[in-house]
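I have placed the structure first, in the form of structure tokens, so that the comments after it can refer back to it.
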Amino acid sequence: MTRVSSDPAPGSADVHTVWRDLGLPGLIDVHTHFMPHNVLRKVRNHFDALGDQWPLAYRGDEHECLALLRGFGVRHFTALSYPHRPDMAVWLNDWAGGFADDNPDCLRSATFYPEPGAGDYVAAAVEAGVLVFKAHLQVGGYDPRDPLLSDVWGNLADAGTPVVVHCGSGPEPGRFTGPGPFSEVLSAHPRLTAVIAHAGAPEYVEFLDLAEKYGRVHLDTTMVFTDFAEARAPFPSDALPRLADLEGRVLLGTDFPNIPYPYAEQLHALTRLGLGPDWLRAVLHGNAARLFGL
């Protein structure tokens, strides 16, 4: 059963207004981060090193962040983590499994890295009930076409298990970011259920092309359309009709808690698009509920 904080989070009224006015029971956020304390510390140190470029709005511990999300009315969320070296993914997955056991409103999450045995531990994770994986090509610094990942993509495609993939070149390009490398993965595994993080920023148009070409490719809204993102990688206004047409494959994502503005800003940014209440209801709840069988 979903647990909702009895002590509403600061700023929760703004969030509640959005989903209640749409007649929704709450939100489903497919792009949130919970991870072991030492890993979270390193992530925060990275953002702190950016100074005023990325001032973190939320700095609480695990329990405080959980209370905030539940106070916002987030009914389900993820615990996305990502390895940057071999022999790290299984440890992260074990931690995430325990976290999901303790927090049943968290979609059971996992990750992988191009290493011997990756296909086996991903298959085992799917069998154990993992609902969503994360692949971060920028931080991981790996080629998604690596032969060591062939079985991983194949297993996920066969199982229909979604994978949130950070493959766009924002906020900083990597050796294997951009639409090219991952488009080759989709060509080899066209039935893969991929959720393109940040809607592929800044290569929005190219990733819209992929979503239109492959029926199981989705886009998440993480940071897109916020003032922060628009100042750095604006979404092309002439592409909005295409986003509207993909109503059934756009999912709410926020990057909470690693965001430099209040949680409500993501919702307000989506509302300002003027794509209509049906689109918002689908994006904020319905699409993820259907994708994950919630």
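The values are calculated or read from the model by the stated rules, or taken from the named source; none is laboratory data. Since this is a predicted model, take the numbers as computed values, not measurements. Note: ideal-geometry Cβ built from the backbone for every residue, glycine included; neighbour counts use all protein chains shown. Note: areas computed on protein heavy atoms with side chains; ligands, DNA, RNA excluded. Shrake-Rupley method; radii C 1.70, N 1.55, O 1.52, S 1.80 Å.
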Return the Cα extents of segment 153-294 along principal axes one, two and three, sorted largest first, each rounded to a whole Å. 37, 35, 31
Could you work out the mean projected area of the convex hull around the alpha carbons of segment 15-116, in square nanometres to one decimal? 7.8 nm²
Positive end of the dipole of segment 213-294, charges at C-beta (+1 Lys, Arg; -1 Asp, Glu), about the Cα centre: which of 246, 267, 214 has its Cα farthest in that direction? 214
Cα-Cα pairs of segment 49-91 separated by more than 14 Å (percent): 68 percent
How far apart, in nanometres, would the label points at residue 294 and residue 151 be if each is projected 7 angstrom from Cα along the Cα-to-Cβ direction? 3.2 nm
Residue 244 versus residue 212, label points 7 Å from Cα toward the beta carbon: distance in nm? 1.5 nm
Return the loop-located GluC sites (Glu not before Pro) in segment 201-286 (DSSP other than H, G, I, E, B) with at most 14 other Cβ atoms within 10 Å of their own Cβ; answer none if there are none. none
Using a 1.4 angstrom probe on heavy atoms only, work out the carbon and sulfur share of the accessible area of the chain in %. 52 percent
Grab the Cα-Cα distance for residue 94 and residue 272, subtract it from 0.36 nm times how many residues apart they are, and report the gain in nm with one decimal. 60.1 nm
Compute the Cα gyration tensor for segment 226-294, then decide on rounded, prolate or oblate, letting a ≥ b ≥ c be the square roots of its eigenvalues: rounded whenever a/c is under 1.5, prolate when a/b is larger than b/c in the other cases, and oblate in all that remain. oblate
Can you tell me the convex hull volume per residue for the chain, based on C-alpha atoms, in Å³ to the nearest whole number? 117 Å³
Can you tell me the alpha carbon radius of gyration of segment 116-176 divided by the globular rule-of-thumb value 2.2 N^0.38 Å? 1.15
If I model a spin label as a point 7 Å beyond the Cα along the Cα-Cβ vector, how far apart are those points for residue 61 and residue 191 in nm? 4.6 nm
On average, how much accessible surface per residue is there in the chain, in Å², for a 1.4 Å probe, leaving out ligands, DNA and RNA? 41 Å²
